[in-house]
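What follows is a set of notes on a single structure, which appears directly below.
The values are calculated or read from the model by the stated rules, or taken from the named source; none is laboratory data. As the structure is a computational prediction, the values presented were derived from the model and not from experiment. Positions of Cβ are generated from backbone atoms using ideal geometry, with glycine treated the same way; all protein chains shown enter the neighbour counts. With ligands, DNA and RNA removed, areas are computed over all heavy atoms of the protein, side chains included. Shrake-Rupley method; radii C 1.70, N 1.55, O 1.52, S 1.80 Å.
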Amino acid sequence: MRRLFLSLLLPLLALAPPAARAVELRPVTLPGPEGTPLRALLALPPAGAPLGVPVVALHGCGGLGPPGAMRAPARERDWAARLVEAGHPVLFPDSFGSRGLGPACGRPEHPARPDPVRAADALAAAAWAQAQSWAAPGGVLLLGWSHGGSTVLAAAARAEPGLVRAAVAFYPGCLAARRAGTMAAIPLLLLLGEADDWTPARFCQGWAAAQPPGRLEAVLYPGAGHGFDAPGEAPPRALELPDGRRVTAGAHPAARALAMPRALAFLAAHAGPASRP
């Protein structure tokens, strides 16, 4: 039995992404849409490192904490460390706390919807990041999860040439984009859980099929649910949302081990070579 267990475990360990060193996420304030202040968290590669392409990372429906107590969740901190290790400055705009709002999970009436509010935040953050001395020229990359993934879809349709190079969305809600006939204006990678009962993958697959050839890639991970790239190995847990839905969310180590390198490789492919300061 022990030998069988090890034979099943070792392949997963071989696929698992290596642990990332923690990075400092410091608060910054930048001009949001129409000049409204937008608070954010920023992580930078070490001083003297080559200029990297910034990643504007878009939080999920839980947000970054209440006003005055901004803090990235474990998933976002883990991704920030990996992105900085790969040479990317990382900026997390806080769409909820900046407006004095709480989480949006299961709240369809929430004022900071992915489209148009959060998409405008993402593009304002992209413009600010691109103007900083630590940013490589030529546009930023977008990365988002769940509610932030839906924001990626909206922003990808609105991005001006030269502002956003490409984007990755983890388990976004694609129903609104599918109904609206939204078209991606930049290369886009969707990473989806086959067992996701919160933002079902079938809507994203249908939306992806309507995109121009070669513009979008959708990858489905069997057995994975919502939040499958969460760090750790805690099993998915059941949640009851304010709108009455019952869903599950949590880590799926095998899907995480495949999806994280794929996302990083996609971002690297669209970043081009780093330049010296």
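Numbers for the structure displayed
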item	result
Matching option when the condition is under 18 Å from the mean Cα position of the chain (by Cα) and more than 29 Å from residue 42 (Cα to Cα), among 220, 189	220
Candidates 208, 224 - the one that is part of a loop (DSSP other than H, G, I, E, B) and either touching a strand residue (DSSP E or B) at 6+ places or on another chain (Cβ under 9 Å) or touching a residue at least 12 places away in the same chain (Cβ under 8 Å) (or both)	224
Unmet criterion (only one of (1) exposed (fewer than 15 other Cβ atoms within 10 Å of the Cβ); (2) assigned to a strand (DSSP E or B)) for residue 214	(2)
Meets criteria (farther than 19 Å from residue 61 by Cβ and open to solvent by less than 10 Å² (accessible area, probe 1.4 Å)) for residue 209	no
Leading residue by the ranking (most open to solvent (accessible area, probe 1.4 Å)) among those in the stretch 225-268 that are within 25 Å of residue 107 (Cβ to Cβ) and either among the β-branched types (Val, Ile, Thr) or touching a Leu at 6+ places or on another chain (Cβ under 8 Å) (or both)	246
Test: residue in the stretch 159-170 that is at pLDDT below 95 and part of a helix (DSSP H, G or I)	no
Any hit, the stretch 179-193, residues being in a helix (DSSP H, G or I) and either polar (S, T, N, Q) or farther than 27 Å from residue 269 by Cα (or both)	yes
Complete set of residues in the stretch 250-260 that are part of a helix (DSSP H, G or I) and either more than 14 Å from the chain's Cα centre (by Cα) or on the phi > 0 side of the Ramachandran plot (or both)	253, 254, 255, 257, 258
Sole exception among (1) among the hydrophobic types (A, V, I, L, M, F, W, C); (2) assigned to a helix (DSSP H, G or I); (3) over 22 Å from residue 270 (Cα atoms) for residue 128, by number	(3)
Selection status of residue 148, in a helix (DSSP H, G or I), at pLDDT 95 or above, in contact with a strand residue (DSSP E or B) (Cβ under 6 Å, 6 or more places away or on another chain) and closer than 23 Å to residue 216 by Cβ	yes
Residue list for the stretch 48-96, restricted to those being within 19 Å of residue 136 (Cβ to Cβ), at pLDDT below 95 and of a type in the set (A, V, I, L, M)	49, 51
Number of the exception - residue 144 against (1) surrounded by fewer than 24 Cβ atoms within 10 Å (Cβ to Cβ); (2) under 16 Å from residue 54 (Cβ atoms)	(1)
Conditions (1) open to solvent by less than 10 Å² (accessible area, probe 1.4 Å); (2) not in a loop (DSSP other than H, G, I, E, B): number failed by residue 95	(2)
Sole residue being at pLDDT below 95, hydrophobic (A, V, I, L, M, F, W, C) and out of contact with any Pro (no Cβ under 7 Å at 6 or more places or on another chain), chosen from 195, 218, 185	185
